[in-house]
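Read-outs throughout are calculated quantities, based only on the coordinates presented, and are distinct from any laboratory measurement. It should be emphasised that the depicted structure is a prediction, and the values quoted were computed from it without experimental measurement. Here Cβ is always computed from backbone atoms with ideal geometry, including for glycine, and neighbour counts include all displayed protein chains.
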Amino acid sequence: MHGITSTLLLATGLIAGVAAQQGHGSDTTDMGPVAFMWPEDRAWNAADDNVGPCGSKEFAGKRTDFPLVGGSIALNIADPAEDVVVRMSFKNNPTSQSDFVDVISHIDDIVEGHQCYPIPASKIPRDAEEGTLATIQLEYWAQEAGKKKESFFACADVRFVPASKMTTAVPCFNVTSEEFATQEEVVLKNGGKTSGAGKVAAGLFLAAAGTVVAAMF
Ligand SMILES: *[C@@H]1O[C@H](CO)[C@@H](O)[C@H](O)[C@H]1NC(C)=O
């Protein structure tokens with residue numbers, strides 16, 4: 001009873017939780033249009049999030065263990081964004097844009113929901129080892145209500161570990177708010193069963209939940 005059921009509930013709760021959170025949009029005070037869901041980003045502050053390289057006055061402090069091979073970043077997307085670039089710095093405390101190199105050079109458009117992107121292994125320096133420090137930078141363009149389009153920054157500070165030593169489950173899945181809403185509607189209408197037109201969206205939702213569950217073992 002304990003294992004699978006509680007894990008499924010946890011996964012579903014996780015998705016429901018983040019979906020509820022992203023309903024706020026970027027005009028609230030807890031996140032910009034896009035934020036890291038994993039690894040954890042530096043404290044967010046509306047006054048700083050258009051200032052590079054990290055959109056935060058904080059320095060690298062708290063670090064998340066990040067696998068040397070097969071690492072991904074998971075994003076919370078509250079408002080549509082474009083021209084997304086992911087960069088990494090292998091300095092202990094990067095302070096300038098020139099400290100970073102591109103690891104995912106261009107993602108055109110992203111919509112409300114969640115996206116998870118693998119970091120190509122070729123972008124991690126060969127001499128990186130357990131304990132090597134790095135900072136992952138996210139830069140993107142978005143338009144907040146009543147403002148012109150601006151570029152935004154966020155950083156997540158990590159410490160490399162061998163993949164075999166990872167102890168946390170990475171919430172890595174892709175689902176848009178629209179797919180999530182369709183699934184909720186279908187479940188409510190059918191008293192818990194899914195059928196008909198909702199099947200495709202429900203499948204996507206379950207695939208997303210499945211990915212989270214799989215990542216937990
Ligand atoms: C999510 O979508 C991106 C872009 O299409 C893709 O690169 C990535 O592998 C997908 N992630 C998952 C977990 O399916």
message = Could you order the peptides 163-172, 81-90, 60-69 from most to least packed, using the average number of other C-beta atoms within 10 Å per residue?
response = 81-90, 60-69, 163-172
message = Students often check this: by mean Cβ neighbours within 10 Å, which of 45-52, 143-150 ranks highest, and how do the rest follow?
response = 45-52, 143-150
message = Report the gain in length on full extension from GLU130 to SER98: 0.36 nm times residue separation, minus Cα-Cα distance, nm rounded to one decimal.
response = 9.1 nm
message = Ranking request for peptides 175-182, 153-160, 118-125: highest mean number of other beta-carbon atoms within 10 Å first, then the rest in descending order.
response = 153-160, 175-182, 118-125
Zone residues, the range 125-159, relative to ALA181, backbone N less than 18 Å from point 7 Å out along Cα-to-Cβ = 145
key: For MET37, residues with placed amide H under 5 Å, excluding near neighbours   = ALA74, LEU75, ASN76
key: Cα-projected label distance for VAL51 with SER105, points at 7 Å along beta-carbon direction, nm   = 3.1 nm
request  = Filter the cross-link list LYS57/LYS123; LYS91/LYS148; LYS62/LYS91; LYS123/LYS165; LYS62/LYS147 down to pairs whose alpha-carbon distance in this structure exceeds 22 Å.
outcome  = LYS57/LYS123; LYS91/LYS148; LYS62/LYS147
